[in-house]
Amino acid sequence: MRPVRREPSVLHLDLDAFYASVEQRDKPSLRGKPVVVGGLGQRGVVATASYEARVFGVRSAMPTHEARRRCPHAAFLIGRFGAYHAASRQVMQVLRNLSPLVEPLSLDEAFVDLRAATEAVDFSRRGLKLLITKLKDEVTASTAGLTASVGVGTSKFVAKVATELAKPDGWSIVEAGHELDLLRPLKVSVIPGVGPVTREKLHRIGIHTVADLQGCAFDELAQVIGKTHAQALVELAYARDDRAVEPDRETKSISVEDTFETDLVSRDELATILLREARQVAARLRAASLFAHTVSIKVRLHDFSTFTRSRTLLSATDRADVIGSVATSLLSAVDAGGGVRLLGVGVAGLTDVLQEDLFAADTPRAQAADDLTEGQSISEEVPRRPGWLPGMDVEHDQHGRGWVWGSGLGRVTVRFETRDTLPGPVRTFAIDDPALHPVEPT
C-alpha cells in the first residue's frame, strides 16, 4: 500500500484566518484583538474569526448573534472583498512563481505540484523545509504581513491534512511511507466525504478514527454507507489518492441530492430535505468563495421520470436561506403526489465576484436583491446603498483615510488609520456629512 507518489511533492497552502487577518493588517487598532468578519444582522453568519476570537469559541458558519454572545468585545465587521481578492492575487502569483501547476481552491487556499517547479526541488526533509520557509516569507512580504500554513505530502489529501495540523502559521512535511502514521489517530471526519450524516452512521458501528475505518470489514461498511462511498473512504483512509493538481480547475456547478429508500409524498418532509440540501450547497459555495446566479432542483418520481426546474437570481448569492427559498418555491410547481425517489438542489452560474452588500444581510437592499428573480424589480423605496457598515473603507476630505467604527442615530464614527500608520484617532460625523466618502479597498 505505497503512496501514489514516491516523494512528498504536493504542497498545500492555506492563509491563516484570511478575512480577519486582512482586517487586522489594514486596521492597526485591531491587531492582536478579536475580529469577526461576516453578516452583522440577526440572520448573519460568521465568515471568519481571528484566532483571538476563536479562543472564545467563535467559529466559521456560527450565527453572528451567537458569536456576539460568546465574544461581545470583538470587532464585528463586514467583508471587504476587494482587499481579499487583491491579497489572494498576490499569494497566487507567489505560488505560480514556484510552479506553473497551481490549483486554487478558494481565495486563501491552493495546491501546488512541486514536480513541475520552475527550479529543481530537493525533496529531502531538509530541502523541503528550506523551500517552505522561503515560500512563507515571500507570502508574508508580498501581502504586507499575512501568514500561511503549509503542508507537503505525497497526495492532495495528505498535504491538506498536514496543513490543518500545522495551523496557525506552521508547516508540516509527511514523507513517503509515513502517511498512515499520520492518519490513523485522526478523527474519521478528516476524510473528505465524511459529513455529519456519514459520521453519525460510522459512529453507530464503532468507527470514530481513521484507524477504526481501516479495521472495519468492507462488507459491513458498504451496508451502512453504500459500496461506492465505502470504497472511496477506504482509499483515502489508506492514503491512496492519485488526483492531479489541476491549474485550470473551474467549478461549473455545485449540487447535493438524496435518494430515498421509500418514496416520499409529504410536502413538508420534502421541503425540509430541500432546506437541508440548500444549507449544504451554501456551505460548499462559501468554502470555495463562490456565489451562484442560478438555483435548480432535481426531482425523480416514483416511476423514475426525472426532471429539473431552475430560476435565475438578479444577484448572485451564497446564502442558504435564499437558495432554500427558491428551491422550495420550484418544488411547489411539481406534482409529487405519486412519491419522490430522489430530490436534489443545485446552483450554477458561479462567480467569485461578490456584491458589496453580501454581508449586510439585514439591510433592505441586500434582502431584496437576493430574493428577486428575473422579471421583478427593486422598489424605489429600497435605499440605493446599505449605509455606513462597520469595517468599510472611507475617506474624509479633511482627515484622510479610515474605516467605519459604527453608525446609528444619524451619526457615523470613523477611526482614521491605514495599514501603514499607527492606531489612529476616532471621530464622529453626521451620517450625511458631504466630506465623508466610501472608497474601494486596495
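Quick look at the numbers
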| item | result |
| --- | --- |
| Solvent-accessible area per residue for the chain (1.4 angstrom probe, square angstrom) | 48 |
| Long-range amide H partners of Val394 with built H, under 5 Å | Gly402, Trp403, Val404, Val439 |
| Theoretical gain in end-to-end length, Glu119 to His65 [0.36 nm per residue, Cα-Cα removed] | 14.5 nm |
| Among (1) 4, 20, 28, 23, 16, 7, 2, 0; (2) 4, 18, 26, 27, 17, 7, 1, 0; (3) 4, 18, 23, 18, 13, 11, 8, 4, 1, 0, the entry derived from the coordinates for P(r) over Cα pairs in 10 Å bins from 0, in percent | (2) |
| By average C-beta atoms within 10 angstrom, highest first, the peptides 255-265, 136-146, 95-105 | 95-105, 136-146, 255-265 |
| At R0 = 30 Å, FRET efficiency that the Cβ-Cβ distance of Glu395 and Ser142 yields, to 0.05 | 0.75 |
| Residue with peak Gaussian network fluctuation, the chain [Cα springs, cutoff 10 Å], from Asp335, Asp242, Asp393 | Asp335 |
| Burial ranking of peptide ranges 279-287, 13-21 (average Cβ count within 10 Å, highest at the top) | 13-21, 279-287 |
| FRET efficiency estimate (nearest 0.05) - Cβ-Cβ, Thr259 to Thr351, R0 35 angstrom | 0.70 |
| Inter-label distance for Lys129 and Ser329, nm, one decimal - labels placed 7 Å from Cα along Cα-to-Cβ | 5.9 |
| Accessible area of the chain belonging to carbon and sulfur atoms, whole % at 1.4 Å probe | 50 |
| Amide H partners (placed H, <5 Å) of Thr209, local residues excluded | Val188 |
| Highest-fluctuation residue, Pro423, Pro192, Pro28 considered, GNM on the chain with Cα pairs under 10 Å | Pro192 |
| Residue with peak Gaussian network fluctuation, the chain [Cα springs, cutoff 10 Å], from Arg204, Arg89, Arg427 | Arg204 |
| Partners for Lys160 among lysines (Cα-Cα distance below 22 Å; same-chain residues under 8 apart left out) | Lys129, Lys134, Lys136, Lys187 |
| Gyration tensor (alpha-carbon) shape descriptor, the stretch 152-263, a/c threshold 1.5 | oblate |
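The values are calculated or read from the model by the stated rules, or taken from the named source; none is laboratory data. Just so it is clear, the structure is predicted and the values come from calculations on it, not from any experiment. Reconstructed Cβ throughout: ideal geometry from the backbone, glycine too, with neighbour counts over all protein chains shown. We work out accessible area using only protein heavy atoms, side chains counted, and drop any ligands, DNA or RNA first. Shrake-Rupley method; radii C 1.70, N 1.55, O 1.52, S 1.80 Å.
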